[in-house]
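Remarks on the structure that follows.
The values are calculated or read from the model by the stated rules, or taken from the named source; none is laboratory data. Keep in mind the model is a prediction, meaning the values are calculated, not measured. Cβ: placed from backbone, ideal geometry, glycine included. Neighbour counts: every protein chain shown. The protein model used for the area step is the full one, side chains on, heavy atoms only, and it has no ligands, DNA or RNA in it. Shrake-Rupley method; radii C 1.70, N 1.55, O 1.52, S 1.80 Å.
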Amino acid sequence: GRAPEPEHVPHLGPVATGLVGTAAGFTTMAANASGPIFTWYLLALRVDKRRFVGTGAIFFAVVNVLKLPAGVALGLFTPEIWALDAVLVPLVLLGSVLGGWVVDRLSQRAFDLLAVGMSLVAAGALLIPHG
């Protein structure tokens, strides 16, 4: 069934939403690093866990398709990368199924806390220099 509609959905306004969108667009193109920004935006809107996961899947699928021309122009797609992608596709599919299974078993509160924690870990990892 569908999740119940919240009584009040916060509205961040066009300026805040535009800033978040710009920051997410820049960070995803520059470093594949928009996950924490996107997570905090959806948490601020109090999006329920199923819509959160679905919105994230659609958003990042569209963003990644839009990034393809730049990746091609930069020569990022080599035969080795395509081979690695082919190996990883089954693992991504498995992770998607397992992730859905876990989300179904978490309360909204536990999901929100997990999202906060994982976004902090991801943001922290982005601050560590990588050779």
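For Val65, the requirement of being open to solvent by 80 Å² or more (accessible area, probe 1.4 Å) and under 30 Å from Leu106 (Cα atoms) is not met.
I'd like to know if segment 69-88 contains one or more residues that are among the polar types (S, T, N, Q) and open to solvent by 40 Å² or more (accessible area, probe 1.4 Å). Scanning segment 69-88 turns up at least one residue that is among the polar types (S, T, N, Q) and open to solvent by 40 Å² or more (accessible area, probe 1.4 Å). Please go through segment 46-59 and give me each residue that is open to solvent by 40 Å² or more (accessible area, probe 1.4 Å) and either of a type in the set (Gly, Ala, Ser) or in contact (Cβ under 8 Å) with a residue 24 or more places away in the chain (or both), ordered by number. Correct list: Arg46, Arg50, Arg51, Val53, Ala57. Among the criteria (1) of a type in the set (Phe, Trp, Tyr); (2) open to solvent by 60 Å² or more (accessible area, probe 1.4 Å); (3) at pLDDT 95 or above, the one Phe111 does not fulfil is (2). Selection of segment 29-62 for residues being of a type in the set (Val, Ile, Thr) and more than 10 Å from the chain's Cα centre (by Cα) yields Val47, Val62.
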